[in-house]
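Written out below as structure tokens is the structure these notes cover.
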Amino acid sequence: MRSAGCRCDVCPFAKDGKPDRYVLASGSKTEPSGVVVLGDGPSKEGVKVGEVLHPGSQTGEEFTALLAEAGIVRDDLLIVPAWACVKPELTKDVDERAAVEACRPLVDFQLKDVPKDTPVLLMGKWATRSVDGREKGLFSTRGFRDDKWRLGDERRKEKEDDSD
Ligand code: SF4
């Protein structure tokens, strides 16, 4: 994780500054069939089987049912968590926000071989924040990732201003 650039040392979901009970991306890494799915972090059930959006959680159950209805094979997708480690039972938005920031390099790393014009399904505000840097409503968020793997022009401008 650290070799990917993660900031586990400042992540609220780390244990003693190291990843704890984590899940990496699953599915087709270089040729996902049509779409990448970016979800929240893994559930406790998902960690046991090493899978994000595992049917053991409510979200995973709904996701799995939708895939079945649409006739999509899970292994044909690339499913990536916005952060890798299971979060504690009681967390606040501030913790999840910090985990998204700390774990973003791992998201980038896991997507580096995916063609840049591959659509990405963002499963919630943390997934949106992971790619966009802002917390926006899903209905107002759409676009393509650019070379820096960000959607928003505003975020890109902020980064360019920072580097001046
Ligand atoms: S969620 Fe990511 S940044 Fe946080 S401890 Fe786990 S691997 Fe490190």
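The values are calculated or read from the model by the stated rules, or taken from the named source; none is laboratory data. Given the structure is predicted, the values throughout are model-derived calculations rather than measurements. Cβ placement follows ideal geometry from the backbone for every residue including glycine, while neighbour counts extend to all protein chains displayed.
Things to note:
- Members of segment 1-29 that are within 21 Å of Glu45 (Cβ to Cβ) and charged (D, E, K, R): Lys15, Asp20, Arg21
- Of the residues screened, Gly27 is not one that is at positive phi and free of Cβ contacts under 8 Å to residues at least 12 places away in the same chain.
- Among residues of segment 109-137, those that are within 12 Å of the ligand (Cβ to nearest atom) and within 25 Å of Pro55 (Cα to Cα), counted: 3
- Inter-residue pairs, beta-carbon under 8 Å, first closer than 18 Å to Asp20 by Cα and in segment 70-99, second of a type in the set (Asp, Glu) and away from the ligand (no atom under 16 Å from the Cβ), 6+ apart: Arg97/Glu135
- The residues of segment 100-138 that are within 13 Å of the chain's Cα centre (by Cα), surrounded by 16 or more Cβ atoms within 10 Å (Cβ to Cβ) and part of a loop (DSSP other than H, G, I, E, B), listed by number, are Leu111, Met123, Gly133.
- When Val80 is tested against (1) assigned to a loop (DSSP other than H, G, I, E, B); (2) in contact with a Leu (Cβ under 8 Å, 6 or more places away or on another chain); (3) modelled with pLDDT of 90 or more, only condition (1) is not met.
- Members of segment 1-42 that are at pLDDT below 90, more than 16 Å from Cys103 (Cβ to Cβ) and in a loop (DSSP other than H, G, I, E, B): Ser28, Lys29, Thr30, Glu31, Pro32, Ser33, Gly34, Val35
- Number of positions in segment 47-62 that are free of Cβ contacts under 8 Å to residues at least 40 places away in the same chain, assigned to a helix (DSSP H, G or I) and within 17 Å of the chain's Cα centre (by Cα): 2
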